[in-house]
1. Output the number of the condition that Ala180 fails; it satisfies all remaining conditions of (1) among the small types (Gly, Ala, Ser); (2) within 19 Å of His272 (Cβ to Cβ); (3) within 15 Å of the ligand (Cβ to nearest atom).
2. Among the residues of the stretch 168-179, what is the count of those that are more than 17 Å from His107 (Cβ to Cβ) and not polar (S, T, N, Q)?
3. Restricting to the stretch 157-171, give me the number of residues that are in a helix (DSSP H, G or I) and either closer than 21 Å to Asp244 by Cα or modelled with pLDDT under 95 (or both).
4. Filter the stretch 27-50 down to the residues that are part of a loop (DSSP other than H, G, I, E, B), modelled with pLDDT of 95 or more and surrounded by 13 or more Cβ atoms within 10 Å (Cβ to Cβ) and list them by number.
5. Please go through the stretch 151-165 and give me each residue that is crowded, with 22+ Cβ neighbours inside 10 Å and in contact with a helix residue (DSSP H, G or I) (Cβ under 6 Å, 6 or more places away or on another chain), ordered by number.
6. Please work out if Asp101 is within 16 Å of the ligand (Cβ to nearest atom) and either surrounded by fewer than 24 Cβ atoms within 10 Å (Cβ to Cβ) or within 30 Å of Gln259 (Cβ to Cβ) (or both).
7. Tell me the residue from Glu233, Glu274 that is in contact (Cβ under 8 Å) with a residue 40 or more places away in the chain, in a helix (DSSP H, G or I) and within 16 Å of the ligand (Cβ to nearest atom), please.
Amino acid sequence: MFTEGQLYSPVTTQEDGTVRVHLADTHPGKDDPEYLDRRGTIAAAALAWDRAGGAPVPTIEYTESEHEVWRRVSAELRLLHEQHAHSEYVAGKERLGLPSDHVPQLHEVSERLVPLTGWTYVAAPGLVPLRDFYADLAARTFNSTQYLRHAAEPLYTPEPDIIHEVIGHANQLAVPRFAAIVEAAGQASLRCRTEEAMQFVADVFWFSIEFGVMYEGGDLRAYGAGILSSYGEMQEYGHMEIRDLDLADMGTLNYDITQYQPVLFAARSIDHLEDVVGDFFATVDDDVVARLRREATGRGLVAS
Ligand SMILES: [Fe+2]
């Protein structure tokens, strides 16, 4: 129920150097001064990080309350993954072996991912500009927030927190075939010059890497990080309208990031996902997007 680049809470630095995170009015932590301070401290660490200078990714001293949120959510998601996650994601999760009893540091995530698929995690204070986010994907680098959701509502978050970034994405990136598709999406961004084409790539990414589902043994399973990191999405996705993979539709369908996704696109297999989405990311450029948009218009998917 959120997206990179659109629903991260804004982060600002005051004149006195204090970093503030501006939560939406509906955020469970909006009126909790301790949580707001904590969010500011964690965002400040990422802002102060000298990435270009080769400094190590910031380490966060997580509190017992934050570890408890991680423990609680990890346990709940594990039960749901048994029922709903695609077997490749489950296998990747087992290989990666993230802790379920404490919040891992991003460098620990990288240390586990690098031998599997070569991916590295780096710290982001919140919003990363779309093109920067994707350019890093092209280099097998994943920008991750480090904060946790508010402890009052551990099974809900309006923003992508470290539970989404790590339990959702890192387990997925531990699977070589999924990791290759995500890298190809990053490479695609370097080929797309127009903002229209860049957004089309991001929308196909949304309906695959974030909210993708796939048939497996006759069941519909999830492989998308946005579903697999969300207690609510995993309860809901089986009731949604399921369409076949369709690039013109995926790249032009309007969606509301604040609601459960009412339309999902299902791959018949990983081969099918690679043939359609992987091949799209590997070959897309401005002309391909222009053609797909014309196709979408011709089919009445978007207004002409
Ligand atoms: Fe995500």
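1. (3)
2. Of the residues in that region, 6 qualify.
3. 0
4. Asp32, Trp49
5. Of everything in the stretch 151-165, just one residue is crowded, with 22+ Cβ neighbours inside 10 Å and in contact with a helix residue (DSSP H, G or I) (Cβ under 6 Å, 6 or more places away or on another chain), namely Ile163.
6. It is false that Asp101 is within 16 Å of the ligand (Cβ to nearest atom) and either surrounded by fewer than 24 Cβ atoms within 10 Å (Cβ to Cβ) or within 30 Å of Gln259 (Cβ to Cβ) (or both).
7. Result: Glu233 is the single residue among Glu233, Glu274 that is in contact (Cβ under 8 Å) with a residue 40 or more places away in the chain, in a helix (DSSP H, G or I) and within 16 Å of the ligand (Cβ to nearest atom).
Condition check ((1) within 11 Å of the ligand (Cβ to nearest atom); (2) in contact with a Phe, Trp or Tyr (Cβ under 6 Å, 6 or more places away or on another chain); (3) not small (Gly, Ala, Ser)) across all residues:
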| position | (1), (2), (3) |
| --- | --- |
| Tyr147 | no, no, yes |
| Asp161 | yes, yes, yes |
| Glu165 | yes, no, yes |
| Ala184 | no, yes, no |
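The values are calculated or read from the model by the stated rules, or taken from the named source; none is laboratory data. Small disclaimer: the values here were computed from a predicted structure and weren't measured. Cβ atoms come from the backbone with ideal geometry, glycine included; neighbour counts cover every protein chain shown.
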